[in-house]
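Scroll down for the structure; my scribbles are underneath it.
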Amino acid sequence: MNRREHLLATVARLAAWPHHDEHLIVDWSSRTPLRREDLPADPRLRLLRVEGEDRWNLCRAYNFGLARASGGRLLKLDADAWPTDRFDPDDPHLRLGEGGPVCAFGSGPEGRKGQILIDAALLAAVGGFHELMVGYGFDDKDLQARLTRHCGQGPASLPPEWLEVIEHGDEERAGQGRARRRGSLEMAQGQAAMRASRRANRLVAAHCPWGPTSPASRYRPEAPGVWRLEEGSLPRPAAGVAAELRHERRMTFWGALLAIPEVCLEVLPYSLFPPSRDGRWPVRWWHRLWWHTGRPLVLLPVGALVGGRAAIEALRGRA
Amino acid sequence: MSGNPMGLSVITVCMNRREHLLTTAPRVAAWLHHHEHLIVDWSSRTPLSREDLPADPRLRLLRVEGERRWNPSRAYNFAFGQARGAWLMRMDADCWPTEALDPGALLAAGPVWVGQGGEGRFGQFLMARDTFAAVGGFNEFLRGWGFEDKDLRARLEVQQGWQLGPIPEQAIGVIEHSNEERMGQAAAGTGQALRRSLGLATMRSSRLGNRLLAAHHPWGARTPASRYEKIGPDTWRVIPASVPRPAADTVDEIDHARRLAFWSCFLGIPEVFLADLPLKLVPPSRQGNWPVAWWHRLWWHSGRRLLQAPVAALSLGRGRLNDVRRGLGQR
């Protein structure tokens, strides 16, 4: 979704890779739709589009794509990643035991860990990605945990040198746009959004364990190569869980951005620190004012505590 | 249930909850519907003795030695493994079934029944042994208090597709007690705000830690659970190597989250700042106990209150502004 620049850089590299029979790209309602003619003239490349989504949802997007892939073995590859010449999908070390299914997760620096090579039947046996997760984070770890429980052993590792990744910041991952400079409010906002998303997705996995019988989203074809979510098929957590998740996201985001501890946030008026709307956090002028004034003030007594204790310990040491 | 030859086992596990148990065990003994009341003493400092409990022939007392921490998941899994009934009912040491609880009527209407109402009732349940076994029982990766009951419910409901029926609130009696007591701390009296704050912080960190553990280590029927060896009549001890342990990186992440949650709640310091403080100042827990030192108490009485002042000011200022706006809008 809206990662055209990344995709144009990586898709040509994937087209040069000799090990696959199909490269399925799903355009998840990008503002400017991807066009087939912008992509390499590789006959293995198929482009599908899902219309009507207003927010990036990795789990639903990949479940849609993986369900429409024709191969028996699947390589989940983000738009910013590509396999290097060293990547050998037939390496026996990628199997779970001798003759077992292929199941391997990327390893090494961030960005590689979310790439997965797996037999389609094994992925289906655990129900694919967890569709109640939204935003960024924990989707791959959740899948890995469920595969480990299902198989009785953890997945194999794709060596770091088998994958290349375009580096980019947390703010872009969290869908907050590119931060202007380090230490800026925009950067803090991106980091707080990602923190909230990561925490909430962990709680989703705990409260609503996903499995092959979990009701996943369904899609109907709208035009050749274009699909749309079937109304009423979007899975939602139970009301009690949804309320806890909303609370946790709100506490984590505002707590991290404004440096207000949860015990204080809980007693402050709800309207001051509202929940996100479609993944966007409504940061107002008074939040900015607090970030530039109150937040540094809050840091003062913490600094005093650190300094005071160090001084007392030093005096004790002398005595 | 009296017509069922396989019978109903009521299961209670406890650690240092003797007073609660001495109140509730006679009430369970007075109940008519069960064939066995199995009590597991999870390494209480003063071991429970059979003579202190009602002379009900249905009551069995077992003890697990060598446990340093309360672990309801492992304790209940052990107890359910030792129970003889085909139907199982969890009943914590502070709970008892009342006359209004008719398990036969409930099980005729549905397969799984769970407590509702006050907090203490929530964890109790009634179900067939096979149903409990189908999800592998409780998640033994969880530590300390909290979430083991919700985790079990989620796996029964979401993974197995069982409909969970609510046990009527009046069917379970509960001895009410504070967060501090739940966390194994002394109850806070009037004016002991610091102790209450400590109980709340301990409970929150435990609750968060267990949610994260459940997310990282989902449990199932194929997950290897702890095994125990018999070391004396009715006395058991865990085989240490059999205890499920989370992966090292998960332990790091969860210990970090627990640490920040505890100290942030107790000291009122934002987590983003706590993460920058030296580990010695805000240390991790040791076997579930938080090392609260004199400077933490000093901070609680001074700095914490200072930190709350600007927040209160912001709250008042913005709240007033909204009130004024609303008032103007209404005109």
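For the stretch B:262-274, check the following and say yes or no: at least one residue is of a type in the set (Gly, Ala, Ser), surrounded by 13 or more Cβ atoms within 10 Å (Cβ to Cβ) and within 13 Å of chain A (Cβ to nearest Cβ). Within the stretch B:262-274, one or more residues are of a type in the set (Gly, Ala, Ser), surrounded by 13 or more Cβ atoms within 10 Å (Cβ to Cβ) and within 13 Å of chain A (Cβ to nearest Cβ).
Among helices (runs of 4 or more DSSP H) entirely within the stretch B:114-174, having at least 1 residues that are surrounded by fewer than 17 Cβ atoms within 10 Å (Cβ to Cβ) singles out B:119-122, B:129-134.
Determine whether the stretch A:266-289 contains at least one residue that is under 20 Å from B:Leu307 (Cβ atoms), over 29 Å from the mean Cα position of the chain (by Cα), at pLDDT 85 or above and assigned to a helix (DSSP H, G or I). Scanning the stretch A:266-289 turns up at least one residue that is under 20 Å from B:Leu307 (Cβ atoms), over 29 Å from the mean Cα position of the chain (by Cα), at pLDDT 85 or above and assigned to a helix (DSSP H, G or I). Return the total of residues in the stretch A:203-228 being at pLDDT below 95 and either in a loop (DSSP other than H, G, I, E, B) or touching a Cys at 6+ places or on another chain (Cβ under 6 Å) (or both). Here the count works out to 11.
Could you run through the stretch B:240-283 and say how many residues are farther than 30 Å from A:Gly154 by Cα and assigned to a helix (DSSP H, G or I)? Before the answer, list the steps.
Our first condition is that a residue be farther than 30 Å from A:Gly154 by Cα; within the stretch B:240-283, this holds for B:262-283.
Subset that is assigned to a helix (DSSP H, G or I): B:262-267, B:271-274.
Going through the stretch B:240-283 one residue at a time, the tally reaches 10.
Residue count for the stretch B:64-83 under the criterion of being open to solvent by 30 Å² or more (accessible area, probe 1.4 Å) and under 21 Å from B:Leu8 (Cα atoms): the result is 2. Residues in the stretch A:125-149 that are in a loop (DSSP other than H, G, I, E, B), within 11 Å of chain B (Cβ to nearest Cβ) and either of a type in the set (A, V, I, L, M) or touching a His at 6+ places or on another chain (Cβ under 7 Å) (or both): A:Val126, A:Leu132, A:Met133. Residues that are more than 20 Å from A:Ile118 (Cα to Cα) and surrounded by fewer than 20 Cβ atoms within 10 Å (Cβ to Cβ) within the stretch A:50-65 comprise A:Glu51, A:Gly52, A:Glu53, A:Asp54, A:Arg55, listed in sequence order.
Can you say whether A:Ala242 is modelled with pLDDT under 95, open to solvent by less than 20 Å² (accessible area, probe 1.4 Å) and assigned to a helix (DSSP H, G or I), as far as the supplied structure shows?
Numbers: modelled with pLDDT under 95: yes; open to solvent by less than 20 Å² (accessible area, probe 1.4 Å): no; assigned to a helix (DSSP H, G or I): yes.
When the stated conditions are applied, A:Ala242 does not pass them.
Being within 13 Å of chain A (Cβ to nearest Cβ), touching a residue at least 24 places away in the same chain (Cβ under 8 Å) and open to solvent by 20 Å² or more (accessible area, probe 1.4 Å) is a description that applies to B:His217. Looking across the stretch B:52-90, the residues that are among the basic types (Lys, Arg) and more than 12 Å from B:Gly137 (Cβ to Cβ) come down to B:Arg58, B:Arg60, B:Arg63, B:Arg68, B:Arg69, B:Arg84. Within the stretch A:193-229, if we keep just the residues that are closer than 28 Å to B:Gly161 by Cβ and open to solvent by 60 Å² or more (accessible area, probe 1.4 Å), the residue that is farthest from the other protein chains (Cβ to nearest Cβ) turns out to be A:Arg220.
Considering only residues that are under 27 Å from B:Asn71 (Cβ atoms) and in contact (Cβ under 8 Å) with a residue 60 or more places away in the chain, look in the stretch B:282-299 and name the one that is farthest from the other protein chains (Cβ to nearest Cβ). Working first, answer last.
From the stretch B:282-299, those under 27 Å from B:Asn71 (Cβ atoms) are B:282-293, B:296; that's our starting set.
With the extra rule that they be in contact (Cβ under 8 Å) with a residue 60 or more places away in the chain, the set shrinks to B:285, B:287-288, B:290, B:292.
On the way: B:Ser285: 18, B:Gln287: 23, B:Gly288: 20, B:Trp290: 16, B:Val292: 14 Å.
My answer is B:Gln287.
The values are calculated or read from the model by the stated rules, or taken from the named source; none is laboratory data. All of these numbers come straight from a predicted model, not from anything done at the bench. Note: ideal-geometry Cβ built from the backbone for every residue, glycine included; neighbour counts use all protein chains shown. Areas reflect the complete protein model, heavy atoms only, side chains present, ligands, DNA and RNA absent. Shrake-Rupley method; radii C 1.70, N 1.55, O 1.52, S 1.80 Å.
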